[in-house]
């Protein structure tokens with residue numbers, strides 16, 4: 001899996017229940033635990049530049065379609081948080097070095113992962129939440 | 001006096017779930033009668049918890065629903081306007097979680113409600129659900145200045161605290177017995193306003 005370029009960006013889908021008003025709980029950036037109590041392989045994200053759009057906003061509709069085709073529920077009041085790769089790595093480095101890699105899936109070619117912070121899950125999640133550039137409604 | 005009220009629950013239709021009684025009964029004792037208007041409002045709010053089809057209802061969901069009902073009832077009857085806001089938020093979260101295929105940990109709900117019933121004087125926090133299904137609250141006072149408590153439904157609650165220290169930000173991650181979170185955090189400098 002190839003690293004995303006530092007100057008590139010990624011989206012993280014934020015469910016409505018992970019927000020209170022405009023506040024996004026940093027737990028949205030935590031690695032989830034699977035049924036076997038092991039952490040998931042990485043934080044599931046989507047690579048913005050894959051969509052080749054002139055603005056992040058324009059990438060939202062095709063991204064939402066991809067996620068819905070995968071069977072994911074994308075509620076109308078959920079959002080997509082936008083982060084920069086370099087800023088995310090720098091923020092996490094306060095605790096541990098992370099990797100942000102392209103993890104192309106057949107139905108989701110923009111899929112990517114943030115990996116390497118199982119040992120500092122809560123801490124890195126807090127730091128990632130601090131470098132969110134903007135949030136975009138999943139549905140306008 | 002003891003008051004008892006019964007009303008029909010929204011039907012739960014699942015081959016895996018059955019109710020021994022199609023009526024849910026709430027019993028409580030108070031020295032004074034609860035005004036009828038307050039009871040009616042409580043029932044209406046509680047019923048809003050269950051407008052969603054439970055075609056796939058399983059026991060954990062049912063348990064969660066019961067815990068939310070209990071929490072909403074207790075918070076709403078506590079004669080504290082902040083607690084009513086919290087009850088309303090809990091109902092919203094429950095609906096959002098169901099719509100998003102998420103769940104709320106029943107043990108987290110109980111711990112959350114007990115905490116706010118015990119501390120009637122602290123401010124209204126941001127209230128969210130974590131991807132693990134636990135309730136989390138956060139009092140935000142500005143960049144690098146907040147306290148967050150996660151109700152894991154276990155004796156130890158998870159706490160994150162950031163405080164300004166001159167030009168730097170002190171950061172704390174710790175676990176404490178839920179009953180000690182407030183005194184410990186306040187000793188460090190946290191505010192729950």
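Overview of results
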{"read-out": "FRET efficiency, 1/(1 + (r/R0)^6) with R0 30 Å, evaluated for residue A:54 and residue B:132 via beta carbons", "value": "0.20"}
{"read-out": "Exercise: per-residue mean of other protein chain Cβ atoms within 10 Å, B:131-138", "value": "4"}
{"read-out": "Computed label-point distance, nm, for sites residue A:38 and residue A:73 using a 7 Å Cα→Cβ extension", "value": "2.8"}
{"read-out": "Test item: A:74-83 mean partner chain Cβ contacts at 10 Å", "value": "1"}
{"read-out": "Highest-fluctuation residue, A:84, A:121, A:69 considered, GNM on chain A with Cα pairs under 10 Å", "value": "A:69"}
{"read-out": "Cα-based convex hull volume of region A:6-121 per residue, rounded to whole Å³", "value": "117"}
{"read-out": "Per-residue mean of C-beta atoms belonging to partner chains within 10 Å, peptide A:64-70", "value": "0"}
{"read-out": "Mean separation of Cα contacts under 8 Å (6+ apart) over length of region B:61-188, as relative contact order %", "value": "17"}
{"read-out": "R0 of 25 Å, Cβ-Cβ distance residue B:92-residue B:118: FRET efficiency to nearest 0.05", "value": "0.65"}
{"read-out": "Peptides A:70-79, B:86-95 ordered by average Cβ neighbours within 10 Å, highest first", "value": "B:86-95, A:70-79"}
{"read-out": "Highest-first arrangement of B:180-186, A:98-104, where packing means the average Cβ count within 10 Å", "value": "A:98-104, B:180-186"}
{"read-out": "Selected from A:31, A:67, A:48 as most flexible by GNM, with chain A as the system and alpha-carbon contacts under 10 Å", "value": "A:67"}
{"read-out": "Chain A - percent relative contact order, Cα under 8 Å, separation 6 or more", "value": "36"}
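Read-outs throughout are calculated quantities, based only on the coordinates presented, and are distinct from any laboratory measurement. All of these numbers come straight from a predicted model, not from anything done at the bench. Every residue, glycine as well, gets a Cβ built from its backbone with ideal geometry; the counts of neighbours run over all protein chains shown.
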